[in-house]
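The values are calculated or read from the model by the stated rules, or taken from the named source; none is laboratory data. Please read all numbers here as calculations on a predicted model, not as lab measurements. Every residue, glycine as well, gets a Cβ built from its backbone with ideal geometry; the counts of neighbours run over all protein chains shown.
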Amino acid sequence: MDKSERIATKSERQKKSRVEDKKLIADALDGNQAAYARLQQKYSPAITALMRKMLRDSHEIEDLVQETFVKAFKALHTFNHDYAFSTWLYKIGSNHCIDFLRKKRLKTFSIDRPIETKDGELQFEIADTQWMPDADMQQADKLRLLQKAVESLPDKYKVVIKLRHEEEMDYQDIADELDLPLGTVKAHLFRARALLYKKLKSKIIHFKDQ
């Protein structure tokens, strides 16, 4: 089977899957519990794989997978059939996992990681708003400023920058996980970093080419 045949076969499978999902969603919304069970059975392996990529500690995965389906089923009436159910579900799972990680630890990503721009990589440090003798307190203050800026980003930018900088995922893994084109992921990351710089530039005291 050549590449074009494989692509055609994959496309046909995706079409059949979407037809099945549409019927299952309609049945579920009508109160058919078996339809809910089938959707969960169908997508549990994929959501579990997603969580395994995002979490270093696997102990919470089972609970997070279950909670993802609870969230999805509660919001099932909002699902737009113009999109694949898998894409919608993956985004719910990604966001839920990111929220879990954010609550688990203060640090969302390395404050020392350079910002990528069209002119190369730039590095910045955030100015201390007041003198504090404890270095840990200073770092915590910087991280709070940065986290606040990240949380203010639009969701589509916030998700990709957290996956990139917190989970240190490469661009292709992020694209696969969120079911987005690679170019879209890169564009979202570039825009997210630009917005962060804009939000934090008044606090920058050191900014140089690397």
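Listing for the model above:
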{"quantity": "Which listed residue is among the charged types (D, E, K, R), under 11 Å from the mean Cα position of the chain (by Cα) and at pLDDT below 85, from Asp170, Asp179", "calculated": "Asp179"}
{"quantity": "Test: Lys148 is basic (Lys, Arg), at pLDDT 85 or above and in a helix (DSSP H, G or I)", "calculated": "no"}
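Residues checked against (1) closer than 20 Å to Arg164 by Cα; (2) part of a strand (DSSP E or B); (3) at pLDDT 65 or above:
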| position | (1), (2), (3) |
| --- | --- |
| Pro45 | no, no, yes |
| Asp63 | no, no, yes |
| Lys71 | no, no, yes |
| Asp82 | no, no, yes |
| Leu101 | yes, no, yes |
| Ile111 | yes, no, no |
| Leu122 | yes, yes, no |
| Asp128 | no, no, no |
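Condition check ((1) modelled with pLDDT under 90; (2) over 21 Å from the mean Cα position of the chain (by Cα); (3) of a type in the set (A, V, I, L, M, F, W, C)) across all residues:
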position	(1), (2), (3)
Asp27	no, yes, no
Gly31	no, yes, no
Ala37	no, yes, yes
Asp57	yes, no, no
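Residues checked against (1) touching a Gly at 6+ places or on another chain (Cβ under 6 Å); (2) touching a residue at least 12 places away in the same chain (Cβ under 8 Å); (3) assigned to a loop (DSSP other than H, G, I, E, B); (4) buried (at least 20 other Cβ atoms within 10 Å of the Cβ):
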position: Lys156; (1), (2), (3), (4): no, yes, no, no
position: Leu163; (1), (2), (3), (4): no, yes, no, yes
position: Glu168; (1), (2), (3), (4): no, no, yes, no
position: Asp176; (1), (2), (3), (4): no, no, no, no
position: Thr184; (1), (2), (3), (4): no, no, no, no
position: His188; (1), (2), (3), (4): no, yes, no, yes
position: Ala192; (1), (2), (3), (4): no, yes, no, yes
